[in-house]
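Participant: Just passing along the structure, written as structure tokens.
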Amino acid sequence: QEEETKRLLEPTVSPPNKVLNGAEQSYHNLPSARTDEQAMLSSILAKTAINIIDVSAADSQGMEQHEYMDRARQYSTRLAMLSNNLTHWKKLPLLPSLTNQPHQVLASD
């Protein structure tokens with residue numbers, strides 16, 4: 001039993017090569033493949049960390065009620081200005097009215 005455990009833990013013969021996608025790969029390449037994968041994952045994690053916005057810090061500023069009200073008023077004013085500009089810019093023509101009593105036209109069938 002000790003001999004079997006020793007053979008499992010410390011192989012004296014190198015394991016056979018595996019063929020993946022038509023290319024031969026040995027088990028000796030696996031550590032470098034794992035480090036490449038780890039480096040790629042670390043790179044993705046670093047990019048993600050750069051692009052994250054920490055919104056928990058926004059509450060710590062502690063805006064007072066009048067500041068919230070001022071901002072809300074400013075946003076409402078800007079929104080009203082933009083919506084007025086859009087309605088003047090793109091005024092759709094009214095649909096033509098063929099009759100003043102559409103319910104009678106629809107009920108006549």
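Participant: Can you pull out the residues in the range 53-79 that are at pLDDT 85 or above and either β-branched (Val, Ile, Thr) or exposed (fewer than 10 other Cβ atoms within 10 Å of the Cβ) (or both)?
Facilitator: Across the range 53-79, the qualifying residues are Glu64, Gln65, His66, Thr77.
Participant: If we keep just the residues of the range 80-100 that are at pLDDT below 70 and part of a helix (DSSP H, G or I), which is surrounded by the most Cβ atoms within 10 Å (Cβ to Cβ)?
Facilitator: The extreme case among them is Thr87.
The values are calculated or read from the model by the stated rules, or taken from the named source; none is laboratory data. Since the model is a prediction, treat every value here as computed from it, not as a measurement. So basically every Cβ, Gly included, is an ideal-geometry build from the backbone, and we count neighbours across all protein chains shown.
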